[in-house]
Amino acid sequence: MERNSPQGPSGPELGDLLSMGLTIALCVMAGFGLGWLVDRPFGTFPVFAFVGLFLGVATAAGLVYRQFKRFQ
């Protein structure tokens, strides 16, 4: 008796999809961290940290969108 299994991504594609969480986290942390590093010498803490955070979120969203687009 043959089991029906849903056809989905396998192999490298599955690895790409599973790594999206790490990609999102790294983009957001890198953006915030770089913004924080720019803020330190100027004493303008939340300004560049928020700009970096926004850029990190935008970058992560773009990467996730591109990854999902590959699998459609």
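The values are calculated or read from the model by the stated rules, or taken from the named source; none is laboratory data. Model, not experiment: these values are computed from the prediction. Each accessible area value is taken on the protein alone, full model and side chains, heavy atoms only, with ligands, DNA and RNA left out. Shrake-Rupley method; radii C 1.70, N 1.55, O 1.52, S 1.80 Å.
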Accessible surface, the chain, averaged per residue in Å² (probe 1.4 Å): 80
Principal-axis tilt of helix 45-70 within the chain, Cα atoms, nearest 10 degrees: 20
In degrees, nearest ten, helix 20-42 long axis to first principal axis of the chain (Cα): 10
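How large, in percent, is the carbon and sulfur part of the accessible surface of segment 9-72 at a probe radius of 1.4 Å? Before the final figure, lay out the partial values.
Numbers: 3510 of 4610 Å².
Accessible surface attributable to carbon and sulfur in segment 9-72 totals 76 percent.
Report the relative contact order of the chain, percent, no decimals, based on alpha-carbon pairs under 8 angstrom and at least 6 residues apart. Don't skip to the answer; put the middle values down first.
Numbers: 59 pairs, mean separation 22.2, N = 72.
Relative contact order of the chain: 31 percent.
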Descending principal axes extents, the chain, alpha-carbon based, whole Å: 69, 18, 15
